[in-house]
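What follows is calculated from the coordinates using simple rules that are stated; it is not laboratory data. Given the structure is predicted, the values throughout are model-derived calculations rather than measurements.
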Amino acid sequence: MKKETMSIQLANGLEARPIAVLVQIASQFESKIYLEAEGKRVNAKSIMGMMSLGMDAGESVTIEADGEDENAAVAKLADFLSGKDVK
């Protein structure tokens, strides 16, 4: 299992469009992937779950992945949430 805690650096936080992109990125991996914030843990491959987080820029989030490609999954999602890999 791989975990990384970071601060969301997307200008508008996790709104509908960035959430859709995040879910698409997470769905490319075989690992089980979760995001956790403020005591709430959701499946990163679930658009409804991700929408329920409602996170703003600067808030802290933990990315957790478990599976064969967990390192790549956490790295790719961390890059996206840090604004380095925005589509």
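The convex hull built on the alpha-carbon positions of the chain has an orientation-averaged projected area of 4.6 nm².
Counting only residues at least eight positions apart within a chain, or on another chain, the aspartates and glutamates with an alpha carbon under 19 Å from that of LYS32 are GLU4, GLU64, ASP66, GLU68, ASP69, GLU70, ASP79. If the elastic network links every pair of Cα atoms under 10 Å, which of LYS76, LYS40, LYS32 fluctuates the most in the Gaussian network model of the chain? Of the options given, LYS40 has the highest mean-square fluctuation. Extension gain, ALA11 to GLU59, is 16.1 nm, computed as 0.36 nm per intervening residue step minus the present C-alpha separation. What do you get for the angle between helix 16-27 and the principal long axis of the chain? Use alpha-carbon atoms, 0 to 90 degrees, nearest ten. Helix 16-27 and the main axis of the chain meet at about 10 degrees. For GLY83, nonlocal amide neighbours, meaning residues 5 or more places apart or on other chains whose placed amide H falls under 5 Å from its own, are GLN9.
With θ taken as phi - 60° and the Karplus curve 6.51 cos²θ - 1.76 cosθ + 1.60 applied, the whole-hertz 3J(HN,Hα) list for the range 59-70 is 6, 8, 9, 10, 9, 10, 10, 9, x, 5, 10, 4 Hz, x standing for glycine and proline.
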